[in-house]
Ligand code: ADP
Ligand code: G6P
């Protein structure tokens, strides 16, 4: 049976060796805690780093380590101390983590760490290749392994690969500062599906794809030469049942079975019945805004002194990445802040802050969640923040208030929480006051909605949605009505071609026979193309027509002396056998005076765009503009034009990075049909790459072989991926019939 291979830097457990005996402790962090539930459900293998360096694993314990990991459905990638340093502490946590969380000033760009990152990513990819069977699905996780998808794809082109990023993807302006930005993007594009927590991260990623790699993106599909990569947002959920059941069990525990921590919490509650507990739980990370939160707490106590001796802040900071200097500095800063605030504000009966710097067992986490009246989570930037969701899930009587930073991914789905800007101390102080005062009825009504949502969109649903989308993506080609022209299909077409008595072929030029160029005048035919067209034109009982939106002057200059048949300006002009162009359609051009100034105003406001004037149409090209901006302007132009031309017999065509205005009674379909009906053809073929070619695909008879270049939605029967494939196919027509 096919299995899923989960691959991440962290495994669900971290191994430790004490006096020769191995122990496994659960990993903290959203990725490990969330995926753990998914992993325990299905048939999967989790590959990752054990937490121990190669140097720390004695040879004679190797098998025991493997066995300990196997108990958790896991298998290890071996990393040396040097690799951990460059890959994990280095590139992952001193370059990518700060950069993707908008801490640009903390980001270090070290070539040596990047080299180690690449080498270690290759190790992870090799580990997958070693363990994966043919039909297995590969699910790669997080920023430590962004190059893995491409590395696996190179060796196993047919494998289904998904990638999920658990942290934010920053805006293009931030991401572009990374020296290895193109390599990182292209590493990710080895996937079939790339998932993010929120639509904003997805949008940022697609913007970088367009601007840095210049790839075509349509909605959330990225078009590569031979594949489509889908990008989507899947907000990660939690194992809701696990948290809510744990809370219920916890509340029904007899007093003597309660934990020490719970007993202490109870004691304090009993001594000051109207006291409130505020809870803050995070890994000790600068992105979590813990130091700011402490300052904001002090600000709150000074603004609302009535809460002194009544409110307690419980801070649980889990040690994290303590070899990275920024984390060491932060630890020091927090220690000092807690010391100072407690020193300045504490009274004999009251300590304003209880501070724990450690990892806690699950039961204690539940003690805290269920005992605290308010959860106060103020990350400066956070991919998701599962703690916010876990707190809500444990509130079995539906009381409790969640104050959450709007910079956390989870804020998108938790609108019923009190959302704050972590930099606005005034707002934070007022919100804590409001939370303390909030009537239970309001607390319950807010949490009711939140709980229903979290229960429904739990981590299992999240993983299933991702997996379904990944398998759909794999099966996508058949889902397209259009089929890729395989060798077999091509052979059948060639057989039909040879069996026919009279054949007609329509060939679009730009994007089909020749590539695009920033200046359309420069996309002139190369020698190979002339050779191909010469051979095609010489075929007996076969009529070839170049059919293009180009103006007759350019095509005349390029092709007239070659005597190729040509239909230009979308069907206005026709030239056959080297004769001068004659008009195929009678068209008006008085509208051009009116539209030209409109296009000029768009040229003025859109750097890089320009107008191409043809005899009977006007085209606004935006290939050289900033892609996002150009697209935006193109939709704006469409709106403006639609209102302007409402009463004229004009139409607007949206081609490949071009908006063209022309008479409605002219199009390639109508022109092609005129030629087709002029003789008795029994084999018709048409090939083209953009919207203007769709008219041909639609109008030609059903028996015609219609081929689209590229994978966008089309009326054509077949598609091909590249200009090279088009030329290869066309040269098959020039080969002698075999057999
Ligand atoms: P991040 O992934 O950045 O660490 P999240 O809030 O998304 O932040 O996830 C943190 C996860 O770690 C949660 O699932 C939480 O239950 C767990 N966790 C947090 N603090 C502790 C702790 N002290 N002991 C054990 N697990 C913890
Ligand atoms: C975040 C990251 C995870 C990481 C976790 C804990 O949640 O997205 O990839 O595992 O933090 O960090 P650590 O460095 O201990 O793995």
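Bear in mind these aren't lab numbers, they're just calculated from the coordinates by the rules spelled out. This one's a predicted model, so the numbers in the text were calculated from it and none came from an experiment. Because the Cβ atoms are built from the backbone with ideal geometry, glycine has one as well, and the counts that use them run over all protein chains shown.
What is the list of residues in the stretch 8-22 whose amide nitrogen lies under 16 Å from a point 7 angstrom out from the Cα of residue 71, following Cα to Cβ?
12-22
Run through the DSSP bridge list for the stretch 240-456 and note the antiparallel percent, rounded to the nearest 5.
5
Within the stretch 573-712, what percent of beta bridges assigned by DSSP are antiparallel, to the nearest 5? Write out the running numbers ahead of the final one.
Details: 17 of 21 bridges.
Antiparallel: roughly 80 percent of the beta bridges in the stretch 573-712.
How big is the Kirkwood radius of the stretch 116-195, worked out from every pair of different alpha carbons and given in Å to one decimal?
Radius from the Kirkwood sum: 12.9 Å.
Bin width 5 Å, alpha-carbon pairs only: give the P(r) of the stretch 364-475 as whole percents, running from 0 to the bin holding the largest distance.
2, 12, 20, 21, 19, 11, 6, 4, 3, 1, 0
Considering every Cα-Cα pair within the stretch 655-739, what fraction, in whole percent, is farther apart than 23 Å?
Above the 23 Å cut-off, the stretch 655-739 has 29 percent of its Cα pairs.
Each label point is 7 Å from the Cα along the Cα-to-Cβ direction; what then is the distance between the points at residue 680 and residue 104, in nm?
Computed distance between label sites residue 680 and residue 104 equals 7.3 nm.
Once you put a point 7 Å from the Cα of residue 1 and another 7 Å from the Cα of residue 256, both along the Cβ direction, what distance in nm separates them?
That separation, rounded to one decimal, is 4.5 nm.
I'd like to know how the chain sits against the 2.2 N^0.38 Å rule of thumb: what's its Cα Rg over that expected value? Could the numbers behind the result be given before it?
Working: Rg = 32.2 Å, N = 739, 2.2 N^0.38 = 27.1 Å.
So the Cα radius of gyration is 1.19 times the expected 2.2 N^0.38 Å.
Give me the extension gain from residue 350 to residue 472: residue separation times 0.36 nm, minus the current Cα-Cα distance, reported in nm with one decimal.
38.1 nm
Sorted by average packing, counted as other Cβ atoms within 10 angstrom per residue and highest first, what order do 50-61, 134-145, 368-379 take?
Put in order of decreasing packing, that is 368-379, 134-145, 50-61.
Can you give the % of DSSP beta bridges in the chain that are antiparallel, to the nearest 5? Kindly include the intermediate steps, with their values, before the conclusion.
Working: 33 of 103 bridges.
Within the chain, antiparallel bridges account for around 30 percent of the total.
Is the shape of the stretch 4-233 rounded, prolate or oblate, going by the alpha carbon gyration tensor and its root eigenvalues a ≥ b ≥ c, with a/c under 1.5 for rounded and a/b larger than b/c for prolate?
Working: a/c = 1.93, a/b = 1.47, b/c = 1.31.
Cα axes put the stretch 4-233 in the prolate bin.
Do the sum for the chain: with -39,500 (n - 2.57) for every DSSP H run of n ≥ 4, divided by all residues, what is the mean residue ellipticity at 222 nm, to the nearest 500 deg cm²/dmol? Numbers along the way, then the final one.
Details: 26 runs with 297 residues, N = 739.
Only helices count here, giving -12500 deg cm²/dmol.
Bins of 10 Å, beginning at zero and ending with the bin holding the largest distance: percent of Cα pairs per bin for the stretch 137-261, please.
12, 38, 23, 10, 11, 7, 1
Where in the stretch 83-126 does the label zone of residue 423 land, with the point 7 angstrom along Cα→C-beta and an amide N cut-off under 13 Å?
102-104
I'd like the projected area of the stretch 240-456, averaged over all directions, using the convex hull of its alpha carbons. Report it in nm² with one decimal.
Mean orientational projected area (the stretch 240-456, Cα hull): 11.5 nm².
How far is it, in nm, from the label point at residue 53 to the one at residue 484 when both lie 7 Å from their Cα along the line to the Cβ?
Label-label distance for residue 53 and residue 484, simple model: 4.5 nm.
Could you grab the relative contact order for the stretch 548-633? Cα pairs under 8 Å, six or more apart, rounded to a whole percent.
About 20 percent, as a whole number.
Mind checking the angle between helix 199-208 and the chain's longest principal axis? C-alpha axes, 0 to 90 degrees, to the nearest 10.
That helix lies at roughly 50 degrees to the long axis.
Helix 668-677 against the longest principal axis of the chain: what's the angle in degrees, Cα atoms only, rounded to the nearest 10?
Orientation of helix 668-677: about 40 degrees from the principal axis.
Which order, highest average first, do 380-392, 23-35 follow once you tally other Cβ atoms within 10 Å for each residue and take the mean per peptide?
380-392, 23-35
Quick one: Kirkwood hydrodynamic radius for the stretch 689-739, alpha-carbon pairs, angstrom, one decimal?
It works out to 12.0 Å.
Please arrange 396, 116 by how many other C-beta atoms lie within 10 Å of their C-beta, fewest to most.
Fewest to most other Cβ atoms nearby, the residues stand as 396, 116.
If you average over every viewing direction, what projected area does the convex hull of the Cα atoms of the stretch 423-510 give, in nm²?
Average projection, Cα convex hull of the stretch 423-510: 14.1 nm².
Relative to the present Cα-Cα distance, how much length would full extension add between residue 456 and residue 590 at 0.36 nm per residue of separation?
The residue 456-residue 590 span can extend by a further 42.2 nm.
Report, to the nearest 10°, how far helix 290-303 tilts away from the longest principal axis of the Cα atoms in the chain, using its own Cα long axis and a range of 0 to 90°.
60
In nm², what is the average projected area of the convex hull enclosing the Cα atoms of the stretch 592-662?
Averaging across all directions leaves 4.2 nm² for the Cα convex hull.
Using 0.36 nm times the number of residues separating residue 698 and residue 561, minus their current alpha carbon distance, what extension gain do you get? Please report the intermediate quantities before stating the final value.
Numbers: separation 137, 0.36 × 137 = 49.32 nm, distance 3.17 nm.
Full-extension gain reported as 46.2 nm.
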